[in-house]
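Report on the following structure.
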Amino acid sequence: MNARTKLAALLAAAPLLITAAAHAQDPAHATEYRMQHPGNGPGGEPRVAFLVHRLGSDHAEGISTLDMNGDGFVDLLSGAYWYENPGADGGEWKRHQFRTVGMHNEFVSDCGEWIVDVDHDGLPDLVTTGWITNGLWWYRNPGPKATAAGEMWKAEKITDSYDTEGGAFADIDGDGVPELITGKRYRGHSGADPGSYDPIVVYAYKLPTKELFAAGADPGFTRFALSVNGTASAGTQFVAADFDHDGDIDLASAGKLGVHVFENLKVVKVPKSVREATQPLNRDWPFPGEGKEVEQEEEPGTTK
C-alpha cells in the first residue's frame with residue numbers, strides 16, 4: 001500500500017471515529033462505547049483503586065478510629081480533633097474538637113494514637129504520645145453524649161517517655177495475613193531531609209503467598225500506588241476499617257497536609273448526587289474572560 005492509498009484509507013475511517021467520539025459524549029449512547037464497570041489491571045490482576053478524600057488541614061501525624069457519637073460508624077481521631085463519619089451514603093466528614101494537644105512550630109505532639117479501655121468502664125479511651133512533650137498519656141472517654149455535646153477529654157499521664165515518635169499496640173497472636181501500607185512522611189524534619197521536596201506518595205504492597213515462599217524462589221512484592229503527587233502522606237500511622245459499611249476495607253492517614261481517607265472502590269454504594277456534591281469542582285462558571293454561555297453543537301449547523 002503506497003502513501004496515497006494509506007491516506008485515503010485513513011480519511012475513509014475518520015468519519016467513523018468522529019461519530020463514535022460524538023456519540024460517546026452523549027449519555028444516551030454512552031453504554032454502546034464504554035465499560036460501565038472498571039475491569040481488572042494488566043495481566044488480569046484484580047483492580048486496586050482508592051479515592052482519596054482530604055478531610056482538613058490539621059497537621060498532627062497520629063491517627064486512630066473510634067465511634068465517638070455512638071451511631072455505629074467509626075470516626076477518625078487525629079490530634080485535637082475527631083472527624084465525624086458521614087455514613088454509608090458518603091458526604092462531608094465534619095470536624096469537631098475533643099481535646100487539646102501541645103505543639104511546637106509545625107509539629108503537633110501526637111506521633112501515635114491507640115484505642116484501649118484503660119479504666120475498664122466499658123468506654124474505649126485514647127492513649128497517645130508525641131515527640132515534643134514528654135510522656136505517654138491517656139484521655140478518658142466521657143461517653144458519646146458528652147462528646148457530642150462538646151465536652152473535652154481530660155488527660156492523665158501514664159509514664160515518662162522522651163522523644164517518642166511512634167509505637168504499636170496490638171494482640172500479636174492472630175493468624176491473619178496482613179492490609180502492608182507505607183509512603184512518604186511529608187516534612188518529617190521541617191524540610192531538612194534528603195528528598196523533602198520529592199512528590200508525596202502512598203503505596204500498598206501485596207504480600208506474597210506462603211506457597212511462593214515454600215517454592216524457594218524470591219517471590220517479590222506487588223506494589224500498587226494509592227496516591228501519587230497528592231496531599232495524602234504516611235504520617236506516623238495508618239488505620240484500616242470499613243468506614244462506609246459497604247464490605248471493603250478503607251484506609252486513613254494523618255500528616256502535615258491534613259487527615260485523608262482512602263475510600264476503597266472495590267464496592268461503591270455512594271449515590272451520584274452525593275458524589276457530585278463532594279467533588280472539588282468550582283462551578284462558578286463562566287470565569288472572567290471566558291465569554292458568554294453557548295449552546296453545544298451536536299452536528300454542524302445544529303444545537304442540542
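The values are calculated or read from the model by the stated rules, or taken from the named source; none is laboratory data. Computed from a predicted structure; not experimentally measured. Cβ sites come from the backbone with ideal geometry, for glycine too, and all protein chains shown count toward neighbours. Ligands, DNA and RNA are excluded from the accessible area calculation, which covers all protein heavy atoms including side chains. Shrake-Rupley method; radii C 1.70, N 1.55, O 1.52, S 1.80 Å.
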Quick one: which of 263, 298 is open to solvent by less than 90 Å² (accessible area, probe 1.4 Å), among the acidic types (Asp, Glu) and within 17 Å of residue 55 (Cα to Cα)?
263
Do we have residue 299 as over 18 Å from the mean Cα position of the chain (by Cα), part of a helix (DSSP H, G or I), charged (D, E, K, R) and at pLDDT below 90 here?
no
Region 269-287, subset of a type in the set (A, V, I, L, M) and either at pLDDT 90 or above or in a helix (DSSP H, G or I) (or both), residue surrounded by the most Cβ atoms within 10 Å (Cβ to Cβ)
270
Of the residues that make up region 32-42, is at least one part of a helix (DSSP H, G or I), modelled with pLDDT under 90 and among the small types (Gly, Ala, Ser)?
no
Residue count, region 108-134 (criterion: in a loop (DSSP other than H, G, I, E, B) and under 24 Å from the mean Cα position of the chain (by Cα))
4
Residue list for region 239-268, restricted to those being assigned to a loop (DSSP other than H, G, I, E, B) and under 18 Å from residue 87 (Cβ atoms):
242, 243, 244, 245, 246, 247, 248, 249, 265, 267, 268
Filtered residues of region 74-97 (kept if more than 14 Å from the chain's Cα centre (by Cα), outside any strand (DSSP E or B) and buried (at least 21 other Cβ atoms within 10 Å of the Cβ)):
79
Pairs, please: C-beta under 8 Å, at least 6 apart or cross-chain, first residue closer than 21 Å to residue 263 by Cβ and in region 87-101, second of a type in the set (S, T, N, Q) and in a loop (DSSP other than H, G, I, E, B)?
90/278; 91/278; 92/278; 93/85
Do you know which residues across region 125-143 are open to solvent by 50 Å² or more (accessible area, probe 1.4 Å) and modelled with pLDDT of 90 or more?
140
Among the residues of region 205-235 satisfying the criterion of being at pLDDT 85 or above, hydroxyl-bearing (Ser, Thr, Tyr) and not in a strand (DSSP E or B), which is surrounded by the fewest Cβ atoms within 10 Å (Cβ to Cβ)?
231
